[in-house]
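The values are calculated or read from the model by the stated rules, or taken from the named source; none is laboratory data. As the structure is a prediction and not an experimental result, all values here were calculated from the model. Side chains are part of the model used for accessible areas, which takes the heavy atoms of the whole protein and leaves out ligands, DNA and RNA. Shrake-Rupley method; radii C 1.70, N 1.55, O 1.52, S 1.80 Å.
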Amino acid sequence: MAESIKLRVKCHACSYIIEGSAKYGSGHYVPSGVSFDFVAIGKVESAKGRRVKAEVTCICPNCGVTCKYVV
């Protein structure tokens, strides 16, 4: 079962809004918009439920800087 992930972040260098989405699953990756690398680094439990803590790396299409985020 593939899980849909949406990304909307601001570039560290030029403040351009980077948007992208992807479907991740076992051996399945389908990017849409800006392509990004997604690495799960843990799980977080809160009152809203469980979610995955992850590290996201993408390249800004406006200035070419590699940006790294923890989401």
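Give the label of the value calculated from the structure for Kirkwood radius over Cα pairs in Å, choosing from (i) 18.1; (ii) 12.3; (iii) 13.0.
Matching entry in (i) 18.1; (ii) 12.3; (iii) 13.0: (iii).
Give me the aspartates and glutamates in straight-line cross-link reach of residue 6: C-alpha distance below 19 Å, same-chain residues under 8 apart excluded.
19, 37, 55
Which residue, 20, 49, 33, tops the fluctuation ranking in a GNM of the chain built on C-alpha contacts under 10 Å?
In the Gaussian network model the winner is 49.
Return the single residue from 53, 43, 23 with maximal mean-square fluctuation; model: Gaussian network over the chain, springs between Cα atoms under 10 Å.
43
What lysines could a cross-link reach from residue 10, if we take a straight Cα to Cα line under 23 Å and drop same-chain neighbours fewer than 8 places away?
Leaving aside lysines fewer than 8 places away in the same chain, those within reach of residue 10 are 23, 53, 68.
Keeping every protein chain in place, order 3, 45, 55 by accessible area at 1.4 Å, biggest value first, i.e. largest first.
Largest to smallest exposure gives the sequence 45, 3, 55.
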